[in-house]
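The block underneath contains the structure these notes are about, expressed in structure tokens.
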Amino acid sequence: MARTPFLAANWKMYPIPAGALEADSPYRPQSGIDTAVFPTFLDLKACIDAGLPTGAQYGHPDSEGAHTGDVSMVMLKKLGCNFVLCGHSDRRHDHHEEDTDVAAQANAALRSGLHPIVCVGETKVERDSRRQKKVVERQVKCLPLTQNITIAYEPVWAIGTGVTPTPEQAQDMHAFIRSLLPDTRRESTRILYGGSLKPDNAEGLLMQPDIDGGLVGGASLKAQTFRELTTIALRIKA
Ligand code: 13P
């Protein structure tokens, strides 16, 4: 089954990149490729109003309640979000999110009508001790895998470092993640790669059969660089 390539721009705690809201914004989906942007909570509305497929970087699983500083999935959906990131490693690290928290987020997103992009990936210590598949299996197994979700494999040691796995190492992990999916979802679920993805290394990674696109951090902060990534993805995948 052909899976439509998907490039998601995680802007983390940075402002909206110049040109992103314009009519010719490269963050808009094109024929043959899906895109989405993940700005800060403060910038969600501007992106939604500009017509960009938009998601939040986090949503609280409860629909409302005494959770100072948080925003619920239900509220994000009501605002006009389509997507939400769940379990990004920044949040697993900064906010001590555990696998069960991430699973609760993914389930709440689905209940609210948001499409969850769930992030998984091992640390350098875990890879150095060859535990990467055990770790990723644990992270994946607790997710609602029979539902329509997207998984992003983001090895923590590749995020913001300029270092990436080889295309073969990434493909090996993506195929492993796919093998964990139920028969009903194995071919249709998109598995994105994230971690220092940029135009220089995108071709080798996106050529891999089980890599369906990317969750892009640093290289998504410049419209021109993101445009180059969409061009490469379209050439290889579409
Ligand atoms: P970088 O592309 O900056 O390494 O970030 C990846 C990431 O964390 C995307 O969610």
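Values quoted throughout were computed directly from the atomic coordinates according to the rules given, and no laboratory measurement underlies them. This structure is a prediction, so every number in the text was calculated from the model and none was measured. Note that each Cβ is placed from the backbone with ideal geometry, even for glycine, and that neighbours are counted across all protein chains shown.
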Worksheet, complete the sentence: With a Förster distance of 30 angstrom and the Cβ-Cβ distance between T231 and S179, calculated FRET efficiency to the nearest 0.05 equals 0.45
Worksheet, complete the sentence: The set of residues whose placed amide H lies less than 5 Å from the amide H of Q57, leaving out same-chain residues fewer than 5 positions away, is L85
Response to the item:
Here FRET efficiency (C-beta to C-beta, T166 to K141, R₀ 30 Å, nearest 0.05) is 0.70
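Could you line up M75, M207 from fewest to most neighbouring Cβ atoms inside 10 Å? Display every interim value, and only then the final one.
On the way: M75 17, M207 13.
The order, fewest Cβ neighbours first, is M207, M75.
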Practice prompt. Treat each spin label as a single point 7 Å out from the Cα along the C-beta direction, and report the T40 to E203 distance in nm.
Written response: 3.7
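Restricting to lysines 8 or more places apart or on different chains, can you count the pairs in region 68-156 with Cα atoms under 22 Å from each other? Please list the in-between numbers first.
Values: K124/K133; K124/K134; K124/K141; K133/K141.
Taking the Cα cut-off of 22 Å, the pair count is 4.
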Fill in: Under 18 Å from the V125 label point (7 Å along Cα→beta-carbon), backbone N, region 90-115
90-99
Worksheet item: G214's amide H: which non-local residues (gap 5+, or another chain) put their own amide H closer than 5 Å, with H modeled 1.01 Å from N in plane and none for Pro or chain starts?
Response: F6, L7, A8, Y193
Worksheet item: Given +1 on the Cβ of Lys and Arg, -1 on the Cβ of Asp and Glu, and no further charges, what dipole in debye does region 1-131 carry about its Cα centre, rounded to the nearest 20?
Response: 320
Worksheet item: Spin-label point model (7 Å from Cα, Cβ direction): what's the D94 to D70 distance in nm?
Response: 1.6
Worksheet, complete the sentence: Applied in sequence order to region 7-16, the curve 6.51 cos²θ - 1.76 cosθ + 1.60 (Karplus, θ = phi - 60°) yields integer Hz couplings, x standing for Gly and Pro, of 10, 10, 9, 9, 7, 6, 9, 10, x, 4
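Given a Förster radius of 41 Å and the C-beta distance between R186 and E22 as r, what FRET efficiency does 1/(1 + (r/R0)^6) yield to the nearest 0.05? Before the final figure, lay out each step's value.
Values: r = 39 Å, r/R0 = 0.94.
Here the calculated transfer efficiency is 0.60.
Of all GluC sites (Glu not before Pro) in region 90-139, which ones are in loop regions per DSSP and have a Cβ with at most 14 other Cβ atoms within 10 Å? Don't jump to the answer; show the numbers that get you there.
Numbers: sites: E97, E98, E122, E126, E137; in loops: E97, E98, E122.
Passing both the DSSP loop test and the Cβ count: E98.
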Worksheet entry | Long-range HN-HN contacts of H115 with modeled amide H, under 5 Å | F83, V84
